[in-house]
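The values are calculated or read from the model by the stated rules, or taken from the named source; none is laboratory data. Since the model is a prediction, treat every value here as computed from it, not as a measurement. Glycine gets a Cβ as well: all are built from the backbone with ideal geometry, and neighbour counts include every protein chain shown. Side chains included, ligands, DNA and RNA excluded: accessible areas come from the protein's heavy atoms. Shrake-Rupley method; radii C 1.70, N 1.55, O 1.52, S 1.80 Å.
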Amino acid sequence: MARWLRPLVGALLLLEVAAALSFLHHRYEEMVQALFRVQSQCPYVTRIYSIGRSVEGRHLYVLELSDSPGIHEPLEPEFKYVGNMHGNEVLGRELLLQLSEFLCEEYRRGNERITRLIHDTRIHIMPSMNPDGYEVAAKQGPDSNGYLTGRNNANGVDLNRNFPDLNTFMYYSGEISGPNHHIPLPDNWKSQVEPETLAVIQWISSYNFVLSANLHGGAVVANYPYDKSQDQRFRSHRRTVNTPTPDDKLFQKLAKTYSYAHGWMHRGWNCGDYFADGITNGASWYSLSKGMQDFNYLYTNCFEITLELSCNKFPPEEDLERQWMANREALVAFIEEVHQGIKGMVSDENNNGIAGAVISVQGISHDITSGDMGDYFRLLLPGTYTVTASAEGYQPQTVTTTVGPAAPSLVHFQLKQDVVRKPPERKASGTRTNNKALQKKVVPRATRRGTQR
C-alpha cells in the first residue's frame with residue numbers, strides 16, 4: 001500500500017470505530033435511523049417491524065436478529081428485550097441500541113459466540129415501548145429532568161400498571177384448583193388498556209416467546225416475579241411480602257445470571273439500597289399490580305424479569321459508555337439463558353405437530369404449551385423431571401428426563417389419538433343379554449389443564 005494511503009485508511013478506520021462506539025441520547029427519529037442503519041449493515045440476519053403505534057402515532061419498532069429473519073424455525077427459541085417502558089428511564093433504550101449494533105458488528109466479524117447465538121436464537125429487541133414519554137423527558141434532558149417527567153404515556157398512564165390483572169384471578173383460582181397458566185383475559189380488557197399496552201399484548205400473543213427482560217431505571221437490581229403480593233388483596237399497597245412463583249428457584253438463577261455478569265449489580269449496595277446478590281422478588285421489594293412481567297408469566301409461555309439498571313433515570317451522555325461496558329456481557333449472557341431446560345416436538349402418530357399441547361412438570365404447578373408448529377420450550381434447572389404432554393383428543397404421554405447444566409435436553413412426544421369405544425348393540429329380540437356387558441368403560445379425553453418499576 002502506498003505510504004500516502006496509509007494515514008487515510010487509518011483515519012477511515014478510526015471514523016468507523018468512532019461511529020460504532022458513539023454514546024449519545026437518541027430522540028425518536030435518531031433511534032429509528034440507528035435501527036435501520038443496523039439493518040442495512042446486517043441485511044441477511046436482521047428485520048425491522050412495527051408492532052403498533054403509540055398514542056401520538058410513533059411506531060413501536062422491533063429489530064429482529066436471526067439466521068432466518070421473519071421465520072420461526074422449529075426448536076429455535078424466541079427471546080425479547082423491551083426498553084423505555086417508562087419514558088424517563090432512558091438507559092435501557094440506549095443499551096438496546098448499542099446491543100443491536102454490537103451483535104451485528106460481531107456477527108460480521110465472525111465472532112463464534114455471537115454467530116452461534118444468532119443462528120440458534122430468534123432475538124427481538126424493542127428499544128422503546130413508550131416513545132411519547134421519552135420525548136417529554138428528553139425536552140428537559142438529564143440535567144433538569146424531573147423524577148416523574150415523561151414517565152407515563154401521552155395519556156398520562158403508567159404502562160407498567162396497565163396490563164390486565166391476572167394475579168388476583170390466579171391467587172383465587174389456586175384456592176379452587178383453577179388454571180395455573182394461560183389465564184384468560186376479561187371480556188372488556190381491550191377497553192381498559194392503552195394503545196402501547198394493547199400492541200404488546202397482541203405481540204406476545206403472536207410469538208411464542210420463551211424468555212424476556214424489560215429494562216428500567218432508578219435502582220440497580222434484577223427483579224423477578226411475582227410483582228404483586230397475594231396479601232395485597234387485604235393489606236396496604238406498600239406491604240412487602242415475598243411472593244414466589246412455582247418457578248422461584250429458576251427465576252432467581254435467571255436474575256443472578258444478569259447481576260453477576262453486570263459490572264457491579266451483584267455487589268448488592270446500590271443507590272442507597274441493598275439487595276443480596278443484586279436480585280429481589282418483586283413483591284418482597286414492594287407490591288405492584290398490573291405489571292408486565294407477571295402478565296407475561298401468567299398469560300403466555302414467557303418468563304420475564306425486570307432489570308433496574310441505573311440510579312439516575314436519565315444519565316448524562318458521558319456516563320453511557322461506562323454503563324454499556326458494565327451491561328454488555330450481562331445482556332448477552334441473559335439471552336443465552338434461553339437455551340436451558342427441555343425442548344422438543346409434540347406430534348401425532350402421523351408426525352403432524354400438535355399446537356396448544358400442555359407440558360406439565362411434576363412438582364411445578366405452572367404449565368406451558370406448544371407453539372403453532374408443535375414445538376415447545378420449558379426452562380428448567382438441572383435435575384431429573386417427570387414431564388407429561390397432553391392435548392385434547394389425545395392420550396397423554398409421560399416421560400422422565402434429566403436436564404444438564406448446558407444445552408437443553410431434547411424430549412419429543414408422540415401422542416396417540418384418544419379412541420372412545422361404543423357399547424355393543426343389543427342382540428335381536430328374544431335373546432337374553434347380560435347388562436353388565438353393555439357397561440363398557442369410556443376412555444376419558446385428556447383435558448387441558450424507592451423507585452417504581
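Net charge dipole, the stretch 28-337: roughly 480 debye, given to the nearest 20, about the Cα centre with Cβ charges of +1 for Lys and Arg and -1 for Asp and Glu. Take the Cβ atoms of N312 and L381, set R0 to 35 Å, and the FRET efficiency comes out at 0.50. Using a ≥ b ≥ c from the Cα gyration tensor of the stretch 342-417 (square roots of the eigenvalues), is it rounded, prolate or oblate, where a/c under 1.5 gives rounded and otherwise the larger of a/b and b/c decides, a/b for prolate? The shape class here is prolate. A convex hull fitted around the alpha carbon atoms of the stretch 28-337 yields 133 Å³ per residue. Count Lys and Arg as plus one, Asp and Glu as minus one, and take only other residues whose Cβ is under 14 Å from that of E317; the net charge is then -3. Projecting the Cα atoms of I204, L166, H266 onto the charge dipole of the stretch 28-337 (Cβ charges, centred on the Cα centre) puts L166 farthest toward the positive pole. Computed in the context of the full set of protein chains, the accessible area of the stretch 90-151 at 1.4 Å probe radius has 46% of its extent on carbon or sulfur. Full extension of the chain between T240 and Y44 yields a length gain of 65.8 nm, computed as 0.36 nm times the residue separation minus the alpha carbon distance. Ordering V403, S365, N350 by the projection of their Cα atoms onto the charge dipole of the stretch 342-417, which places +1 on the Cβ of Lys and Arg and -1 on the Cβ of Asp and Glu, puts V403 at the extreme positive end.
Solvent exposure of the stretch 289-338, expressed per residue, is 26 Å² of accessible area, with all protein chains present and a 1.4 angstrom probe.
For the stretch 245-397, the share of accessible area belonging to carbon and sulfur comes to 44 percent (1.4 Å probe, ligands and nucleic acids excluded). Here the stretch 342-417 carries DSSP beta bridges of which approximately 85% are antiparallel, counting only pairs with both residues inside. Rounded to the nearest whole Hz, the Karplus-based 3J(HN,Hα) values (6.51 cos²θ - 1.76 cosθ + 1.60, θ = phi - 60°) of the stretch 341-353 follow the sequence x, 10, 8, x, 10, 10, 9, 8, 5, 9, 6, 8, x, with x at glycine and proline.
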